[in-house]
Amino acid sequence: MPSLVGSEMCIREVSGVQNSVYLRKTPSEPAEYICEIPVGAAVEYLGSYNGYDKVNYNGMVGYVTSAYVR
């Protein structure tokens, strides 16, 4: 299976999510967040870590819960 690293993906709508998700500094729920990413926004996938995906959003690199990235 080819690696998805570097692929363009987007933030998907998930039950319970309003209009955006947090881009966090580290892969954990209590981590400070960098910004909010709107549902439908394009992100660059950089890897997966313990239920979080590392992504690049407009030059900001951080972590989003994996369920939100497709």
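Using the Cα centre of the chain as the reference point, and only Cβ charges (+1 on K/R, -1 on D/E), how large is the resulting charge dipole? Debye, rounded to the nearest 20.
Once rounded to the nearest 20, the dipole reads 80 debye.
I'd like the accessible area for residue 70: 1.4 Å probe, protein heavy atoms, all chains in place, Å² to the nearest 10.
Residue 70 has an accessible surface of roughly 150 Å² with all protein chains in place.
What is the projected area of the convex hull of the Cα atoms of the chain, averaged over all directions, in nm²? Intermediate values should be presented prior to the final figure.
Values: hull surface 18.1 nm².
Result: 4.5 nm².
Using packing as a proxy for protection, rank 23-32, 58-67 so that the peptide with the highest average count of other Cβ atoms within 10 Å comes first.
Values: 23-32: 13.5, 58-67: 16.0.
The densest-packed peptide leads the list: 58-67, 23-32.
Run the accessible area of the chain with a 1.4 Å probe and give the carbon-and-sulfur part as a rounded percent.
Working: 2070 of 4350 Å².
C and S fraction of accessible area: 48 percent.
The values are calculated or read from the model by the stated rules, or taken from the named source; none is laboratory data. All figures in this text were calculated on a predicted structure; none of them were measured in a lab. Neighbour counts are summed over all protein chains in view; Cβ atoms, including those assigned to glycine, are modelled from backbone coordinates with ideal geometry. Protein only, heavy atoms only, side chains kept; ligands, DNA and RNA dropped before computing areas. Shrake-Rupley method; radii C 1.70, N 1.55, O 1.52, S 1.80 Å.
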